Amino acid sequence: MDNTTIIFLIIAVLSGVGLTLIYLSRTKSKSITPTDALSLDFRLKEELDLKENNRTTVYEQKGVDDNELKKEDSQLRSRLEELEEEVADLEDEISELGIRNKRIKEEKDALDDKIYRLEKEKGEILDVKMENEKKLDEIIKLNCTQKERLDFVSDLLNAHNATNEEFQEKDHKTWEIFSFIADNLGPRLSFLNNNIIDDNYFEKCWNWRNQEIKTWIKNKKVVAIVGEFSAGKTSIVNRILKQDDPNALELPVKSTETTAVPTYISQGKDFNCQFYSSSGDLKNISSTSFQKITKSVIDDMNISSIVKYFVLSYKNENLSDISILDTPGFSSTSEEIISKTTEVVKEADALFWVVDANTGEINNSSVDVLKENLNGVPLYIIINKSDTKSQSDLESLIEKVEETLNRNGITYQKVIPFSKKMKADCLIDILNSVSPRENPDIISELIEQIDWTLMNANRELKELKSAQIDLENQVANKKQILENLISDIDHSVEDIERAVEFKDSFWGEDYHKISKSNYKKFENGKNKIVSSNSHLPASINEFFDILHLQSENREAVYEQKSKIRNLEDAKKDFEELINYYNHLQNTGILKLINQ
């Protein structure tokens, strides 16, 4: 075999091995399966067979000797076996790599699953974090709200009593007068059959006391702003307050029912805020504290358990002779709020009932409230937010409101459309036109009742004394009749004793004897005794009846004198209270009784 042939064969074998190694090196980074290994082996054998056929063809063409061919063939086969062993080793390595690759793939899948779970947990943790941050923000806000609430309650509880000595003295003395009327004059007048001090009179006396201690309504026209809750009552009051002073502090308009308390607004030298506590004390709070009411931080607080009503003063000429009363409303489900509104509305000289134009006409509950609480007070209907209606719809609404009022027999003065676009002058003019109602002079009336009662009581006492004299005469007469009857019986007994003679018998028993001349005396005496005896029980009963009447009359005289004396003492004490109270009126304007 020539050198050319040998070199050709070696190159062919080496090329095959090289291709195999190159293929194996490339597949180390990929997943190699047993199928891929068999395909490679088949391809190598095909290539060797092709080289063998090519070699045989070359040898035959060149006439190479068979022995040399066999020798060379043996060498090649030996080399081929070596290569096959290498291929087997490579196949084992490929198998191990496949197993390793499978394990790595499983590990990768496990890692991917773990990463997925971790990513999911991370997402859930982030969601929880966001939720917790949201809750934390809410808790922080709630804590801030709670702190503001506690600060506000602290402001109320630690508020100092008003330094107005006149108010404190009036509060004390008017309460003393009211209590004296209830505890002393009432019972003592009742003892003398004068029941004027009933529940209605107590209410009049209480109203008198309110007028005396509430300087913000005394000698002023009180106009109550009432109506449905959230109908815009407070907003209307704010319009009046800011008419001449845009910087005036507004009243709270966003409070819920639990924070809503009646608020009096009157004129003062400057803004001042006070409140009447549930214990009956007038206390001062700062404007800063009052402004907290406008916030929602106290929406869930029942400040009405601490504050009975607020008293505000503004430097506002429109309030010179007017006191505005802003009420919580009658549409509440709270009996406490309805009762509180009803109580303060009784002080009003006029009612301004606010209706929201968007809710339609006055509803049945409002009609019932008006019937129960109007009590002859002039009524004005304000249709608020009228700018939300067209002119035709507004006119139709006004007609419906007037028809409802007329149908239910509710007397009203006027129906007034109003909106935030309108000036408050029209309302202020109506406020100024309100006439204050005359408050009866309760104290003078009460003293007149005392004098009238004493006059009647003294007249009754005189009648009792006159009856006592008459009864004394009757007793003397009955006594004389009894004495005459007894005297007649005594005389008759004496006549009988003289008509009966006592005889001693020498032989027999002693005996009594009536002579024929004395028998007539005896019969007359006996008849007189029987006659007197028949009249005696009735006369005795009549005598004791008269004695009993005399005793009762004497007791009645004593009691009447005692009642008169007690009422006279009460009148004296009452007048001393009134005189002292009058003495406290430095200006001398207030006089409860004529002196």
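The values are calculated or read from the model by the stated rules, or taken from the named source; none is laboratory data. The structure presented is a predicted model; accordingly, all values stated were derived computationally and were not measured. Reconstructed Cβ throughout: ideal geometry from the backbone, glycine too, with neighbour counts over all protein chains shown. Please note that ligands, DNA and RNA were not included when accessible areas were found on the heavy atoms of the full protein model with its side chains. Shrake-Rupley method; radii C 1.70, N 1.55, O 1.52, S 1.80 Å.
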- Query: Quick check: is even one residue across the stretch 428-445 open to solvent by 20 Å² or more (accessible area, probe 1.4 Å), touching a Phe, Trp or Tyr at 6+ places or on another chain (Cβ under 6 Å) and either modelled with pLDDT of 85 or more or over 30 Å from Asn219 (Cα atoms) (or both)?
  - Reply: no
- Residues of the stretch 405-420 being assigned to a helix (DSSP H, G or I) and open to solvent by 80 Å² or more (accessible area, probe 1.4 Å), which ones? Asn406, Arg407
- Log entry, pairs with first residue in the stretch 426-455 being in contact (Cβ under 8 Å) with a residue 60 or more places away in the chain and of a type in the set (Ser, Thr, Tyr), second being in a loop (DSSP other than H, G, I, E, B) and open to solvent by less than 70 Å² (accessible area, probe 1.4 Å), beta carbons closer than 9 Å, six or more apart or on different chains, reads Ser435/Asp349; Ser435/Pro378; Ser444/Leu592; Ser444/Ile593; Thr453/Leu192; Thr453/Asn194; Thr453/Ile196
- Task: Answer yes if at least one residue in the stretch 496-503 is at pLDDT below 85, of a type in the set (Lys, Arg) and closer than 30 Å to Ile481 by Cβ, and no otherwise.
- Result: yes
- Residues of the stretch 370-404 that turn out to be acidic (Asp, Glu) and open to solvent by less than 50 Å² (accessible area, probe 1.4 Å), as a count: 0
- Message: Just to be sure before I move on: is Asn384 farther than 22 Å from Leu325 by Cα and in contact (Cβ under 8 Å) with a residue 40 or more places away in the chain in the structure I sent?
- Response: no
- Message: So, Ile177, is that one in a loop (DSSP other than H, G, I, E, B) and either within 26 Å of Glu347 (Cβ to Cβ) or modelled with pLDDT under 85 (or both) or not?
- Response: no
- Residues Phe544, Phe522: which one is free of Cβ contacts under 8 Å to residues at least 12 places away in the same chain and part of a helix (DSSP H, G or I)? Phe544
- Query: Given the residues Asn195, Asn247, Asn238, which is the only one that is in a loop (DSSP other than H, G, I, E, B) and at pLDDT 80 or above?
  - Reply: Asn195
- Flag if Ile469 is in a helix (DSSP H, G or I) and either over 30 Å from Arg554 (Cα atoms) or modelled with pLDDT under 85 (or both): no
- Message: at pLDDT 80 or above, in contact with a Lys or Arg (Cβ under 8 Å, 6 or more places away or on another chain) and not basic (Lys, Arg): is that true of Leu547 in this structure?
- Response: no
- Task: Scan the stretch 124-148 and report the pairs whose first residue is assigned to a helix (DSSP H, G or I) and whose second residue is open to solvent by less than 100 Å² (accessible area, probe 1.4 Å), with Cβ atoms within less than 7 Å and a gap of 6+ or a chain change.
- Result: Thr145/Val297; Glu148/Lys292; Glu148/Val297
- Of the residues in the stretch 353-397, those that are under 18 Å from Lys421 (Cα atoms) and of a type in the set (Phe, Trp, Tyr) number 0
- Scope the stretch 521-580; condition open to solvent by less than 50 Å² (accessible area, probe 1.4 Å) and closer than 30 Å to Thr174 by Cα; matching residues: Ser562, Ile564, Leu567, Ala570, Lys571, Phe574, Leu577, Ile578
- In this structure, does Asn477 turn out to be within 34 Å of the chain's Cα centre (by Cα), at pLDDT 85 or above and part of a helix (DSSP H, G or I)? no
- Out of the residues in the stretch 466-494 that are open to solvent by 70 Å² or more (accessible area, probe 1.4 Å) and of a type in the set (A, V, I, L, M), which is nearest to Gly525 (Cα to Cα)? Ile486
- Could we say that Val367 is part of a strand (DSSP E or B), in contact (Cβ under 8 Å) with a residue 12 or more places away in the chain and either open to solvent by less than 30 Å² (accessible area, probe 1.4 Å) or among the acidic types (Asp, Glu) (or both) here? no
- Can you find a residue in the stretch 292-300 that is modelled with pLDDT under 85 and under 17 Å from Ile217 (Cβ atoms)? no
